[in-house]
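Chemist: One structure, as structure tokens, below. Some questions next.
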Amino acid sequence: MGRSVDMTVGTLEVRVLGPVSLVRGGAPASLPRSRKIRALLAYLTLNPSPVSRSRLCDLLWDAPNDPRGELRWCLSKLRAVIDDDDRRRIITEDDTVALDLSGCLVDAAEVDRALRGGVDALPTDRLAGLCDLFRGDLLEGLHIDGSHELTGWLGAQRQRYRGMRVELLEALIRRAATPAEAFARLDAWLELAPFDRRAHEVMLSTLVRSGRLRDAEEHLAASIRSFEAEGIDWLPLRDAWKALREAPPPQQPAPPPAAALPAPAVTEPSRIVLASGTEPPPVGAEPGGRTRRRAAVAVMPFVDRIGDRTGDRTGDRAGGDSGRRIADGVTEDIIMQLAKLRGMFVIARGSVFALSDRAIGPQEAGRLLGVDYVTSGSVRGAGAGGALTISVELADAHDGHVVWTDEVVGAAGETFGALDTVVGRIVAAIAEEIETAEVQRAVLKAPSSLDAWEAYHRGLWHMYKFNGPDNRDAEQYFRASIRLDPMFARAHAGLAFTHFQNAFLGLTPDRAREIDLSYEAATHSLSADDADPAAHWAMGRALWLRGAQGDAIDELKRSVELSPSFALGHYTLGFVEGQSGDPAAAIAATNFSRRLSPFDPLQFAMLATRAYAHLRLDQRAEAADWAVRATARPNAHAHILAIAAQCLALAGRIDEARRFVARIRERLPRYDVEEFLRSFRFDKDAERLFRSAARSIDFGG
């Protein structure tokens with residue numbers, strides 16, 4: 001029963017901290033295989049007071065023909081294994097049932113009693129013995145389909161005992177005599193609660209005290225990636241790390257050599273397992289499980305030093321600073337051209353810009369993104385119309401040493417030529433470092449004037465705001481870019497997306513006209529550059545709006561064939577497949593898009609797509625969880641809230657669902673399930689599910 005636990009040896013032990021089991025005289029006792037009998041034993045064990053028969057019937061049976069008769073049968077089977085020769089342990093009086101466990105050893109009761117006075121009052125060996133009583137989660141593996149009351153009770157009890165176990169582990173870590181003992185308890189804590197911020201903070205502190213700064217940094221990076229993948233805010237964890245690094249070192253003897261210490265799982269503190277039972281693909285993995293090793297590269301936003309003698313970053317990426325837009329444009333074009341090389345894994349634009357906005361530098365970003373190389377640089381010059389100098393640096397993300405650096409100088413009007421030169425040199429340097437002959441360079445056609453280029457990038461900034469005013473601004477910037485360069489394929493693709501938003505989000509009254517305009521703009525994008533993956537992406541979305549799902553999927557597949565690192569193409573494939581195609585393929589596509597761009601501004605849509613794909617697979621609990629995560633991401637619009645409300649309703653979480661309906665009504669008082677369904681193209685079965693959910697939460701239907 002665990003070392004140093006104050007128990008008197010008895011004839012019967014009831015163990016519920018793990019799979020429910022009985023031990024009689026030191027030997028396992030056979031329990032009936034019926035899950036309801038085991039649930040009945042567990043419930044009576046954890047409830048010392050008598051329980052009414054009606055309560056037990058409601059808890060364990062979903063309206064059978066004779067619930068009380070079934071209860072009597074279960075009690076008779078239980079008596080056969082739990083009663084002693086001289087004692088009846090199942091006590092039935094009037095209309096109640098109780099379990100007499102006097103003289104028995106019950107692991108959960110022992111932990112309960114011991115912790116009433118707090119962990120500080122207990123000796124270390126007692127704490128260790130109590131911790132050893134946990135053989136797993138409370139009543140591990142116990143579940144009865146259709147028993148919602150039992151499920152709710154189990155969830156609450158498991159959470160309570162997990163908290164007790166964490167309390168014991170944390171106390172033992174504080175009292176650990178050696179780093180090895182502390183790390184062993186920390187590994188158990190992280191396995192039990194992989195997203196407990198306190199556990200990660202203690203791990204970081206313990207690693208620092210042991211002199212293992214590099215391991216601490218790797219643990220932090222892996223933890224942040226895991227938190228981000230689950231839609232959990234990781235900034236407090238990073239702030240705690242900063243505070244830990246800035247604190248004065250503790251006065252203590254020098255730590256033992258690193259070789260003498262165990263190696264805790266600092267690179268993967270919480271291994272993410274998808275609802276499908278698979279893990280997310282590693283860097284360089286392809287959908288479907290095929291893995292091809294590729295150098296992974298992140299291009300961080302270039303620093304704007306145009307007209308800035310101090311070298312500080314100036315301007316606002318959203319504002320009117322021309323230098324800032326030029327620097328951002330240089331960054332995006334490098335990303336685009338690098339992504340054209342099939343032997344390279346390139347982190348998407350959204351993620352690197354998001355990290356830069358959070359004041360995360362290139363080396364730290366490299367650790368967070370798990371890449372091999374980080375490219376950074378700056379754009380400086382004498383101002384508008386003067387000479388521009390583009391400085392570029394390629395660094396090894398693992399140790400920070402500079403692999404290659406270059407500086408290109410050219411007149412402002414020759415920026416595109418300079419950019420092509422920079423991209424060519426970056427590609428050549430990376431090819432030399434990874435020693436592969438497979439790297440090939442493919443250059444996207446650049447626009448013919450700087451003004452057209454700037455207008456396009458400014459339109460992108462507005463486009464990702466997902467609201468009416470910004471979408472109108474984006475449309476104007478894209479039209480300006482097209483007037484200056486009619487063959488700029490990406491500007492046409494951007495314009496197509498603004499019309500898509502108008503139709504999909506109902507931002508303008510004439511939906512049919514917006515569908516036609518989206519298709520028209522996508523056609524112009526393909527005419528301008530049929531090799532541009534964004535052009536095929538725009539056409540795929542436009543065809544989906546027109547109801548041509550098969551043709552839409554063909555165009556989207558073409559977009560990712562042209563650029564396997566094109567995250568938006570993979571996501572939109574999932575978006576279309578998830579509604580009326582293959583939901584399993586939709587989950588795979590959205591997983592891959594999130595791996596390509598883990599900090600993408602369209603994360604909310606990727607998560608929501610996965611939610612309704614799970615719903616079509618009748619995985620309602622998973623659908624609700626992913627939908628709620630989607631609503632927590634920036635720019636989540638009314639459709640995302642509606643997906644969450646309806647998935648929650650179908651998962652039986654009615655109160656939460658109604659709260660989301662209230663949030664929708666605050667934004668759009670007339671929005672209901674009919675408007676939601678008009679925007680999507682779900683198959684008939686999915687439509688029926690959503691209408692049913694809507695009726696249960698007063699959302700139309």
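The values are calculated or read from the model by the stated rules, or taken from the named source; none is laboratory data. It should be emphasised that the depicted structure is a prediction, and the values quoted were computed from it without experimental measurement. Reconstructed Cβ throughout: ideal geometry from the backbone, glycine too, with neighbour counts over all protein chains shown. The accessibility values were calculated without ligands, DNA or RNA, using every heavy atom of the protein model including side chains. Shrake-Rupley method; radii C 1.70, N 1.55, O 1.52, S 1.80 Å.
Chemist: Just add up the charged neighbours of residue 538: K/R +1, D/E -1, any other residue whose Cβ is under 10 Å from the Cβ of residue 538. Show your work: numbers first, answer last.
Modeler: Values: positive: 490, 541; negative: 532, 555.
Within the 10 Å Cβ shell, the charges total 0.
Chemist: If I compute solvent accessible area with a 1.4 Å probe over the protein chains, what percent of it on region 29-116 is carbon and sulfur? Kindly include the intermediate steps, with their values, before the conclusion.
Modeler: Working: 1940 of 4580 Å².
That fraction is 42 percent.
Chemist: Next up: Given a 1.4 Å probe, how much area per residue of region 40-110 is accessible, in Å²? Mind showing how you got there, number by number?
Modeler: Working: 3520 Å² over 71 residues.
For region 40-110, the per-residue accessible area is 50 Å².
Chemist: Report the accessible area of residue 655, computed with a 1.4 Å probe over the heavy atoms of all protein chains in place, in Å² rounded to the nearest 10.
Modeler: 110 Å²
Chemist: Apply the Debye scattering formula to region 31-143, with a single equal point scatterer on each alpha-carbon and no solvent, then give log10 I(q)/I(0) at q = 0.10, 0.11, 0.14, 0.22 Å⁻¹.
Modeler: -0.37, -0.44, -0.68, -1.28
Chemist: For region 649-701, what does the relative contact order come out to in percent, with C-alpha contacts under 8 Å and a separation of six or more? Spell out each step's value before the answer.
Modeler: Values: 33 pairs, mean separation 25.3, N = 53.
Once divided by the residue count of region 649-701, the mean separation gives 48 percent.
Chemist: Which whole-Hz ³J(HN,Hα) couplings does region 48-54 yield from phi under the Karplus relation 6.51 cos²θ - 1.76 cosθ + 1.60, θ = phi - 60°, glycine and proline marked x?
Modeler: Karplus values, whole Hz, x for Gly and Pro: x, 8, x, 10, 5, 4, 5.
Chemist: Count charges around residue 607 for me, please; just the other residues with Cβ under 11 Å from its Cβ, Lys/Arg as +1, Asp/Glu as -1. Could the numbers behind the result be given before it?
Modeler: Numbers: positive: 594, 610, 629, 633; negative: 230, 600, 625.
Summing Lys/Arg as +1 and Asp/Glu as -1 gives +1.
Chemist: Here's something else I'd like to know. Can you give me the accessible area per residue for region 577-701, using a 1.4 Å probe, in Å²? Before the final figure, lay out the partial values.
Modeler: Values: 4690 Å² over 125 residues.
I get 37 Å² per residue for region 577-701.
Chemist: Which net charge results when you count Lys and Arg as +1 and Asp and Glu as -1 among the other residues whose beta-carbon is under 10 Å from that of residue 402?
Modeler: -2
Chemist: Continuing with the same structure: Roll a 1.4 Å probe over the protein chains and send me the accessible area per residue for region 489-530 in Å².
Modeler: Working: 1530 Å² over 42 residues.
Accessible area per residue: 36 Å².
Chemist: Can you give me the % of accessible surface on region 544-634 that is carbon or sulfur? Probe 1.4 Å, all protein chains present, nothing else counted. All intermediate terms of the calculation are to be shown ahead of the outcome.
Modeler: Details: 1200 of 2510 Å².
In region 544-634, the share of accessible area belonging to carbon and sulfur is 48 percent.
Chemist: Largest first, what is the accessible-area ranking of 595, 695, 653 with a 1.4 Å probe?
Modeler: Details: 595 45, 695 135, 653 75 Å².
Ranking 595, 695, 653 by accessible area, largest first, yields 695, 653, 595.
Chemist: For region 554-652, what's the radius of gyration and Dmax over Cα atoms, in angstrom?
Modeler: 12.7, 43
Chemist: Just report the Cα centroid separation between region 605-646 and region 460-536, whole Å.
Modeler: 26 Å
Chemist: Let me ask something else about it. Tell me, what ³J(HN,Hα) does each residue in region 160-170 have, in order and in whole Hz, if you take phi through Karplus 6.51 cos²θ - 1.76 cosθ + 1.60 with θ = phi - 60° and put x for Gly and Pro?
Modeler: Listing the rounded values in order: 4, 6, 4, x, 5, 5, 4, 4, 5, 4, 5 Hz.
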